[in-house]
Amino acid sequence: MTATKGLEGIVATTSSISSIIDGVLTYRGINIDELAEKASFEEVVYLLWFGKLPNRQELNDLQAQLDQEAALPAEVIDYIKSLPNGVHSMAALRSIVSTLALYDPEAGDMDQASNVRKAIRLQAQLPTIVAAFARIRQGLEPLAPKKGESIAANFLYMLTGEKPEDIAVEAMNKALILHADHELNASTFAARVTVATLSDIYSGVVSAIGALKGPLHGGANEQVMAMLEEIGSPEKVQAYIQDKLNNKVKIMGFGHRVYKNGDPRAKHLQAMSKQLGQLTGDLSWYDMSTQIEELVTGMKGLKPNVDFYSASVYTTLGIPRDLFTPIFAMSRVSGWTAHILEQYEDNRLIRPRAEYVGPSNAQYIVLEDRV
Ligand SMILES: CC(=O)SCCNC(=O)CCNC(=O)[C@H](O)C(C)(C)COP(=O)(O)OP(=O)(O)OC[C@H]1O[C@@H](n2cnc3c(N)ncnc32)[C@H](O)[C@@H]1OP(=O)(O)O
Ligand SMILES: O=C([O-])CC(=O)C(=O)O
């Protein structure tokens, strides 16, 4: 038995949800470029869960179900209000989703129909949770979700209390589509490992949130913004990046386990970052980002991943940086739940082996004789 560090290149399951082949990302076989330009996030959610694009009636039905489920139980709002000040946003999200399960009478049911209902509930409620968390920590009352609004528009409304501009809704919709699923990424794998023990869907999503939180995965988007803020202005980019790379410090938002010639989602986020910067008259984050890209690609051959330009997009939309990873979760929950449903359909416990490299034939020494 020989271990492969980080399971690189190991094929751990079959899946018909998303594919990355020769650098092209598809959801259920449809190129992400096309979905990003033409679809609503709700259509993509339906596609991931049910394997086909919805017709008008199916989309209306999904919208009605999401509307029905988007509000949070009063006990969960009280729980959010009880969180300590300054708590990490992803730690909060992990705990809130875990708490949510306690108020879902179907939480432990394992039949397919109830799991689909819970997937809808989770998808509908995560944006409400993120917005409620953001408002409550500012001393504001959370806002109830509006019926008939898209997830993108409703989230921005619940966050700010104002009707968002069309361009902001368009950017959020596209960002949600681009983050929705990504084959067997770390958080999706964590979700599948958890539910493969026949644990429940909430446990799978809580595991996934824990995995997404880390800076090598979803947590990188917040770190990208922290870096941009630390650099501060375009003329400081070169010295900062050279120093980091010379000292072997990773530049967040670059590199990818699967894409070696670039992440196909980055160009969409880059274009949005530029467009939003032009509209607001502040291209500084965009300009710094393009400079960083030029340097990191030039010096290391590394390309930006999905997390890199999403940071300047969200900042230009006025979103605080510690909400970037929770927003990622709001989108990726569609993929997590699609994978959980797929795992249940043809389940087998996921239990790999470890190559043992510890001592052998070690002796037990009684406590009194130990040094
Ligand atoms: C949604 C997502 O999860 S996308 C990924 C988000 N994460 C990030 O942006 C964090 C920064 N990037 C990284 O840490 C990595 O590129 C990962 C985690 C994404 C992929 O990791 P792996 O496939 O394990 O590659 P690994 O970390 O082994 O890197 C290979 C080499 O490239 C270097 N490298 C990889 N990414 C970077 C980076 N962002 N900056 C500088 N060097 C890097 C490593 O230091 C390593 O160099 P070495 O061989 O000289 O030691
Ligand atoms: O696939 C991965 O390793 C990371 C990820 O989630 C993504 O890029 O969206």
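Starting from the amide H of F254, placed 1.01 Å from N in the peptide plane, find each other amide H under 5 Å away whose residue is 5 or more places distant or on another chain.
Residues meeting the criterion, in which the H sits 1.01 Å from N, are N305.
Only counting other Cβ atoms within 10 Å, I'd like V296, V313 sorted with the fewest neighbours first.
V296, V313
Is it possible to state the helix-based mean residue ellipticity at 222 nm for the chain, with each DSSP H run of 4+ residues giving -39500 (n - 2.57), the sum divided by total residues, to the nearest 500 deg cm²/dmol? What is it?
-18000 deg cm²/dmol
What nm distance separates the two modelled labels at R353 and E58, each placed 7 Å from Cα along Cα→Cβ?
The answer from the label model is 4.3 nm.
What is the set of long-range amide H partners of L25 at a cut-off below 5 Å, with H atoms built 1.01 Å from backbone N?
I32
In segment 130-174, whose amide N lies under 17 Å from the spot 7 Å out along Cα-to-Cβ of Y103? List them in ranges.
The answer is 130-137, 141-146, whose backbone nitrogens lie closer than 17 Å to the label point.
Which trypsin sites (Lys or Arg not before Pro) in segment 225-293 pass both tests, a DSSP loop state and at most 16 other beta-carbon atoms within 10 Å?
K248, K250, R257, K260
Could you work out the relative contact order of segment 220-316? I mean the mean sequence separation of Cα pairs under 8 Å and 6+ apart, divided by the number of residues, in percent.
Once normalised by length, the contact order is 43 percent.
Would you list T194, T290 from fewest to most Cβ contacts within 10 Å?
T290, T194
Scan segment 329-365 for trypsin sites (Lys or Arg not before Pro) in coil per DSSP, keeping those whose Cβ has at most 12 other Cβ atoms within 10 Å, and list them by number.
R348, R353
Students often get this wrong, so check it: of K274/K300; K118/K174; K38/K81, which have C-alpha atoms separated by over 28 Å?
K38/K81
Which one of P264, P320, P352 has the biggest mean-square fluctuation once the chain is modelled by GNM with Cα springs under 10 Å?
Top of the fluctuation ranking is P352.
S18's amide H: which non-local residues (gap 5+, or another chain) put their own amide H closer than 5 Å, with H modeled 1.01 Å from N in plane and none for Pro or chain starts?
R28, E183
Would you kindly calculate the mean projected area, averaged across all directions, of the convex hull enclosing the Cα atoms of the chain, in square nanometres?
Across all orientations, the chain yields a mean hull projection of 23.1 nm².
Under a GNM of the chain (C-alpha, springs under 10 Å), which listed residue has the highest mean-square fluctuation: A191, A354, A211?
A354
Can you give the longest stretch of the chain with no exposed loop site, where a site means GluC sites (Glu not before Pro) in a DSSP loop (not H, G, I, E or B) with at most 15 other C-beta atoms within 10 Å?
In the chain, the maximal stretch lacking such sites is 166-354.
Give me a comma-separated list of calculated 3J(HN,Hα) values for segment 299-310, in order, Karplus coefficients 6.51, -1.76, 1.60 applied at θ = phi - 60°, integers in Hz, x for any Gly or Pro.
Once θ is set to phi - 60°, the couplings for segment 299-310 become 7, 10, x, 8, 10, x, 9, 4, 6, 6, 7, 5 Hz.
Who wins for biggest fluctuation among P105, P304, P145 in a Gaussian network model of the chain, springs between alpha carbons below 10 Å?
Answer for the Gaussian network model of the chain: P105.
Sort Y309, Y356, Y46, Y364 so the one with the fewest other Cβ atoms within 10 Å of its own Cβ comes first.
Least to most surrounded, the residues fall as Y364, Y356, Y46, Y309.
Values in this text are rule-based calculations from the coordinates and carry no lab data. Keep in mind that this is a model prediction, so the values were computed, not measured. When we count neighbours, we look across all protein chains shown, and the Cβ atoms used for this are built from the backbone with ideal geometry, even at glycine.
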